[in-house]
Amino acid sequence: MRLPLPDPDRPPPGPFRHSFWRSPLRGPWLTSLLGFALLIAIPLIAITGFLSNDAYNPRLGGNSVGRMLGPLDFYLFQWPTHPSWLYAFTQGVHVTIGLAATPILLAKLWSVIPRLFEWPPLRSPAHALERLSLAFLVGGALFEFATGILDIQYAYLFKFFFTNAHYYGAWVFSAAFVFHAAIKFATMRSALSVRRGLEPLRDNLAHTRPEPQQTPASDLIALTPAAPSMSRRALLGTVGAGSLFLFVQGLGDSLGGPLRVLSLLGPRDRFGSGANGFNVNRTAAAAQITAQEVGPGWRLELSSQGRSMSISRAQLLAMPQHTYDLPIACVEGWSSTQRWSGVRVRDLSRLMGHEGGMIATATSLERNGVFSAATLAENEVDDERTLLALRVNGAELSLDHGFPARVIGPALPGVHCTKWVSKVKFSEAPA
Ligand code: HEM
């Protein structure tokens, strides 16, 4: 029995019919202008995202958080420790531009939605390929933006591990984006030049007309346009205002300090006052740290190549203490610069008889966290500013900030600033 194929000339009623889409604002110019904005924003977001992965030094220890490294990790390089605000900057850009681009992405998808209901859905193998790339492009964009925003709001509605899923999604989306940008660039340029750039923004509502049809005809331009309810200027103004509002949210969070008040939607700014009155991602309660574990009996276990030693907090405090202003830069994009004091990690390495060239795995008392251990690369261990911090802003670390001791260092992703440290293991840096 032969399956009845859909009649290519008779689209089913509803969105598959061109006449269904009646907005007079759609057209190649509007889509190209929004596309141009994304052409600037998306590469910035993608590059800073892949740098975030690199900052994990995923080749070391368990830093790849369960992800098997492979050919996609071709670009990895040793993440530097200078400047100390490097990760705060790159991840701040990632999240802030990601947020600001969200309204533009949604407006772009709105402007091309008739294309998603093209009829017939498949015309030829080449057309099928393009449709498939659009599925990866739109699906990848929605996945990346949705998971990213949910993650920074700590709304873990998904059952998968965000970091790795977002990473693989990034490759799918980035590849589809590069393909799309390559095949659409000429169309974008001509659509913008034909209408002389931003000229159409001069039109107020009374002068708002559908874009002039062109050859070949664009299926984005409505066949039977409805009367405009807003001008293109008002539409892009609304998108721009939304983008600016979200940009300020991200900026407030990533720059921190007095600017944090701007981050009205930011989930994290109410942490009391005083020396320890700044952002906490994971509280001691959430990490199930008990008072007994961090009490007077607490010891730091140092080990290296079969040798080990156990140090009390008093002994650590008796070692040379160093103080640096360093940002705690969270992978969620916020950062907060504080004055940390403690023992240099490299001095602990020297205690174990090493003069550089070692990596250090700091393990936390926290047992159930994905990031309960992190490995510092040799350049991070050797940097004099990388500390096992015991105090902050001149006071004892609070329990939520990792008392009895936590790692802090220049340009480190927050997840590598291990709190409630119980062990530090030194090993030779891989060749
Ligand atoms: C509003 C949009 C976005 C937000 C809020 C966002 C948020 C985040 C966050 C919080 C992380 C850190 C994950 C972690 O270390 O646990 C991250 C990492 C990353 N993001 Fe995004 N992201 C967004 C969009 C994108 C897009 C569009 C791409 C790709 C083009 C992308 C690519 C990446 C990559 C490659 C990583 C590194 C993942 C890893 O360390 O394995 N992100 N993003």
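The values are calculated or read from the model by the stated rules, or taken from the named source; none is laboratory data. Keep in mind that what you see is a predicted model, and the values were worked out from it rather than measured. Cβ: placed from backbone, ideal geometry, glycine included. Neighbour counts: every protein chain shown. Keep in mind that these areas ignore ligands, DNA and RNA; they rest on the heavy atoms of the full protein, side chains included. Shrake-Rupley method; radii C 1.70, N 1.55, O 1.52, S 1.80 Å.
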ask   = In nm, to one decimal, how far is the Ile47 label point from the Ala431 one, both placed 7 Å along Cα→Cβ?
value = 3.4
key: the chain: angle of helix 86-116 to the longest principal axis, Cα-based, in degrees nearest 10   = 20
task = Please calculate how many Å² of accessible area the chain carries per residue, with a 1.4 Å probe and no DNA, RNA or ligand atoms counted.
result = 48
task = Compute the acute angle (0 to 90°) between the alpha-carbon long axis of helix 125-152 and the principal axis of greatest extent of the alpha-carbon atoms of the chain; round to the nearest 10°.
result = 40
For region 312-323, Karplus couplings with θ = phi - 60° (6.51, -1.76, 1.60), whole Hz, Gly/Pro x = 8, 5, 4, 5, 5, 5, 7, 7, x, 9, 10, 10
For region 284-428: rounded, prolate or oblate by the Cα gyration tensor [a/c cutoff 1.5] = rounded
task = Report, to the nearest 10°, how far helix 232-255 tilts away from the longest principal axis of the Cα atoms in the chain, using its own Cα long axis and a range of 0 to 90°.
result = 0
note = So the carbon and sulfur contribution to the accessible area of the chain, 1.4 Å probe, in percent, is 66
inquiry  = Need one number: nm distance between label points at Gln305 and Ala241, each 7 Å from Cα along Cα→Cβ, rounded to one decimal.
reply    = 6.6
Phi-based couplings in Hz for region 289-305 (Karplus 6.51, -1.76, 1.60; Gly and Pro marked x) = 7, 9, 4, 5, 4, 9, x, x, x, 4, 9, 8, 8, 9, 9, 6, 6
ask   = Where nothing but the Cβ of Lys and Arg (+1) and of Asp and Glu (-1) is charged, how large is the charge dipole of the chain around its Cα centre, in debye to the nearest 20?
value = 920
request  = For Phe185 and Ala291, compute 0.36 nm times the residue count separating them, minus their Cα-Cα distance, and round to one decimal in nm.
outcome  = 32.1 nm
query = Tell me, what is the FRET efficiency for Ile113 and Leu262 to the nearest 0.05, using R0 = 25 angstrom and their Cβ-Cβ distance as r?
reply = 0.15
ask   = Want the number for Phe20 to Arg59: 0.36 nm per residue separation, take away the alpha-carbon distance, what's left?
value = 8.8 nm
note = Taking r as the C-beta separation of Leu69 and Leu198 and R0 as 41 Å, the FRET efficiency to the nearest 0.05 is 0.35
key: Calculated FRET efficiency for the pair Phe158/Ser124, C-beta based, R₀ 25 Å, to 0.05   = 0.10
query = Any idea of Ile289's accessible area? Nearest 10 Å², probe 1.4 Å.
reply = 20
query = Once you sort the root eigenvalues of the Cα gyration tensor of region 100-139 as a ≥ b ≥ c, which label holds: rounded (a/c under 1.5), prolate (a/b larger than b/c) or oblate (the other case)?
reply = oblate
remark   = Summing -39500 (n - 2.57) over every DSSP H run of at least 4 residues in the chain and dividing by its residue count gives a helix-only mean residue ellipticity at 222 nm, to the nearest 500 deg cm²/dmol, of -13000 deg cm²/dmol
Region 18-260: C-alpha gyration tensor shape, a/c 1.5 cut-off, then a/b vs b/c = prolate
